[in-house]
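For reference, the structure is listed below as structure tokens.
Nothing in this text is a laboratory measurement; each read-out follows from the coordinates by a stated rule. Computed from a prediction, not measured in an experiment: that's the story for all the values here. In this analysis, Cβ positions are derived from the backbone assuming ideal geometry, glycine residues included, and neighbour counts consider all displayed protein chains.
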Ligand code: AP5
Ligand code: MG
């Protein structure tokens, strides 16, 4: 089973991916996490893309596909979080015979996004996502599992969020239409303006 999870910034892709990964034997691949990792490592790719990423711009397909190629090698049962975001990336999956079974499209109201991202915290090691209001760690600012200090994301700034949102709305219709026209993938629209566990229950109901 291969799944794509998509939705605007802050819609809860990462949060739901954590839960899906835990429940099913599926490999989660988040291009956002991969990119942040490259930047943190200061790899040659990381150095090349850090300015674009911090401005909230999409990274070029050639770079994303180089990173993805390495990671998906010999893997099956993949949950793609935030990938594909362009027709080029969707086409890459098709020509590599990666058949998508489900596309989980989380919808969310714009006014909720800002609040969620303003209070987001994450652990750089475990990649676990928290929220100061909606999804608190057991101990303030400390990851429940690794015990390390939580951080914020550099691209969670008002202006940058605006750019990320524009990119999302520009590309999402093309991606959905691509899969509607060229595959048997089941497209599942999920209302993201709901509690984390309720959203998760709805997702499970649709993919089992
Ligand atoms: P990426 O990391 O994918 O960011 P994004 O798409 O902007 O989405 P987010 O990660 O911000 O939100 P999310 O939907 O995962 O929400 P989360 O679960 O964290 O990409 C970042 C950048 O990398 C891009 O801008 C681009 O530069 C680059 N990039 C990545 N992929 C690329 C690609 N394929 N091609 C080109 N460039 C690419 O939740 C948000 C907050 O809300 C958290 O605090 C969480 O605890 C809370 N929350 C979640 N669900 C709920 C709920 N139901 N109720 C209350 N709070 C909730
Ligand atoms: Mg995410």
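The table below lists the values:
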read-out	value
Principal axis box of segment 1-48, alpha-carbon based, largest edge first, Å	34, 24, 15
For the chain: relative contact order, % (alpha-carbon pairs under 8 angstrom, 6 or more apart)	31 percent
Percentage of interatomic Cα-Cα distances in the chain larger than 25 Å	35 percent
Inter-centroid distance (Cα atoms) of segment 78-106 relative to segment 137-202, Å	15 Å
Rg over Rh [alpha-carbon atoms, Kirkwood Rh] for segment 128-174	1.15
Ascending count of other beta-carbon atoms within 10 Å, so fewest first, for 91, 51	51, 91
Value of Rg/Rh across segment 119-206 [Cα atoms, Kirkwood radius]	1.06
Quotient of Cα Rg and 2.2 N^0.38 Å for segment 91-157, N being how many residues it contains	1.49
Most mobile listed residue (86, 148, 31) in the chain, GNM with C-alpha springs under 10 Å	148
